[in-house]
Amino acid sequence: MNSIKKIGVLTSGGDAPGMNAAIRAVVRACVYNKLDCVGIYRGYQGLIEGEFKKMNARSVKNIINRGGTILKSARSNDFFAKEGRQIAYDKLKLEGIDALITIGGDGTFTGASVFSEEYNIPIIGIPGTIDNDINGTDYTIGYDTALNTVVEAIDKIRDTANSHNRLFLIEVMGRDAGDIALNAGIGAGAEEILIPEQDMGRDRLIESLKRSKNSGKTSSIIVVSEGDQIGKNIFKLASYIEDKLTSYEVRVTVLGHIQRGGSPSCYDRVLASRLGIGAVDALLENKKNMMVGIRHNKLIYVPFIETLKTTNKLDLELIRVADITSI
Ligand code: F6P
């Protein structure tokens, strides 16, 4: 028997395209299972401040195609404090919410893990972040869309790089993970890809650029992950390259938050829909304090504690593909 009657759903941390599709699936799975569903605005901060709205099947109409999150998002410092979590718990009890579904990244799961243990509240997490940096799931919601946004942007930059015989450094997001840089870099045909999981060193980069020039290339694209050591200050890296290779004219583009916006790809919409339903199913099966993720295209459930482990998942096969195709 399951005693859950009312589920709260929230989005927290950096937004990601597809979060709305996940909210929609959660709300409709609740309706399907005759459960009440409450939308909690602005993540854990809204939970503390009691920003609740009762949801029904029609509250989530026309959102599957929209980026961002209709529930809004926040990074809450108050929730890190015990007093903040006590207020959040009191608000949940007052509203009669028995269980939570939290959509977000590692910060969201850290908060969920602590909160569920402190107050014995069943929580299921859905991985939603463009970074794809959650352990235990092959993909996070928003990652595929962000990759396509980045590739589209680099394609445009390539046109102008090529016309002017320039070298472009393009910074992409990913916090401490190089997934976006590596995959978008391969997809956009970058000459070099700098990622935090692999320290290339500036000298090797210069040598590689020299080889590239000698092989007849007239323009180059270097994709730099924001977390990469030598790319940490991309403008300094640009000056360094110009000093060492005077024949190169270097320009920098920081793609920034355009990577987080936009209409989700079909892959992200389907993934979000599956994970949303999987999260409600999990609560009904008395699962708690876990993430619902995807591995080898099958839904899986992974304890929060496992999802938060950092693994240096440098994909050597992808590195090889990048090296060979950029000759
Ligand atoms: O985690 C998603 C992400 O977009 C990272 O790639 C980036 O480092 C960070 O969030 C940016 O956070 P904010 O929007 O708070 O500046």
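The values are calculated or read from the model by the stated rules, or taken from the named source; none is laboratory data. This structure is a prediction, so every number in the text was calculated from the model and none was measured. Every residue, glycine as well, gets a Cβ built from its backbone with ideal geometry; the counts of neighbours run over all protein chains shown. Please note that ligands, DNA and RNA were not included when accessible areas were found on the heavy atoms of the full protein model with its side chains. Shrake-Rupley method; radii C 1.70, N 1.55, O 1.52, S 1.80 Å.
List of remarks:
- Residues located in region 112-134, provided they are away from the ligand (no atom under 15 Å from the Cβ) and farther than 18 Å from ALA74 by Cβ: SER113, SER116, GLU117, GLU118, TYR119, ASN120, ILE121, PRO122, ILE124
- Every listed requirement among (1) assigned to a helix (DSSP H, G or I); (2) within 16 Å of the ligand (Cβ to nearest atom); (3) among the polar types (S, T, N, Q) is met by THR310 save one, (1).
- Region 157-177, subset within 11 Å of the ligand (Cβ to nearest atom) and crowded, with 18+ Cβ neighbours inside 10 Å, residue farthest from VAL254 (Cα to Cα): ALA177
- Within region 84-111, being in contact with a helix residue (DSSP H, G or I) (Cβ under 6 Å, 6 or more places away or on another chain) and within 16 Å of the ligand (Cβ to nearest atom) holds for THR102, ILE103, PHE109, GLY111.
- Qualifying residue in region 251-259 (condition: polar (S, T, N, Q) and assigned to a strand (DSSP E or B)): yes
- Taking the listed residues ALA181, ALA238, the one that is closer than 28 Å to SER265 by Cβ and open to solvent by less than 60 Å² (accessible area, probe 1.4 Å) is ALA181, with no other qualifying.
- Residue within region 147-155 that is more than 25 Å from ILE4 (Cβ to Cβ), of a type outside the set (Phe, Trp, Tyr), within 16 Å of the ligand (Cβ to nearest atom) and open to solvent by less than 10 Å² (accessible area, probe 1.4 Å) present: yes
- Residue match in region 200-217 (condition: within 16 Å of the ligand (Cβ to nearest atom) and open to solvent by less than 40 Å² (accessible area, probe 1.4 Å)): no
- Some residue of region 255-275 being within 16 Å of the ligand (Cβ to nearest atom) and open to solvent by 60 Å² or more (accessible area, probe 1.4 Å): yes
- Taking the listed residues ASP144, ASP133, the one that is out of contact with any Ser or Thr (no Cβ under 6 Å at 6 or more places or on another chain) and either within 24 Å of GLY227 (Cβ to Cβ) or assigned by TED's automatic domain parsing to the domain that holds SER220 (or both) is ASP133, with no other qualifying.
- Long-range neighbours under 7 Å by Cβ, at least six apart or interchain, first residue touching a residue at least 24 places away in the same chain (Cβ under 8 Å) within region 92-120, second within 13 Å of the ligand (Cβ to nearest atom) and open to solvent by 60 Å² or more (accessible area, probe 1.4 Å): GLY107/ARG75
- The criterion of at least 1 residues that are open to solvent by less than 10 Å² (accessible area, probe 1.4 Å) and more than 16 Å from the ligand (Cβ to nearest atom) is met by the following strands (runs of 3 or more DSSP E) wholly inside region 1-55: 6-11, 36-40.
- Restricting region 56-83 to residues that are touching a residue at least 40 places away in the same chain (Cβ under 8 Å) and either away from the ligand (no atom under 16 Å from the Cβ) or not assigned by TED's automatic domain parsing to the domain that holds SER113 (or both), the residue that is most open to solvent (accessible area, probe 1.4 Å): ARG66
- Of the set (1) free of Cβ contacts under 8 Å to residues at least 24 places away in the same chain; (2) buried (at least 17 other Cβ atoms within 10 Å of the Cβ), all apply to LYS232 but (2).
- Among residues of region 193-214 that are assigned to a strand (DSSP E or B), those with a beta-carbon under 7 Å from a residue that is of a type in the set (Asp, Glu) and open to solvent by less than 90 Å² (accessible area, probe 1.4 Å) at least six positions away or on a different chain give the pairs LEU194/ASP228; ILE195/ASP228.
- Total residues in region 218-230 satisfying the condition of being touching a Lys or Arg at 6+ places or on another chain (Cβ under 8 Å) and within 14 Å of the ligand (Cβ to nearest atom): the figure is 2.
- One residue from ILE206, ILE221, ILE241, ILE180 being more than 18 Å from ARG166 (Cα to Cα) and among the β-branched types (Val, Ile, Thr): ILE180
- Condition check for GLY142: within 18 Å of the chain's Cα centre (by Cα), away from the ligand (no atom under 16 Å from the Cβ) and open to solvent by less than 20 Å² (accessible area, probe 1.4 Å): no
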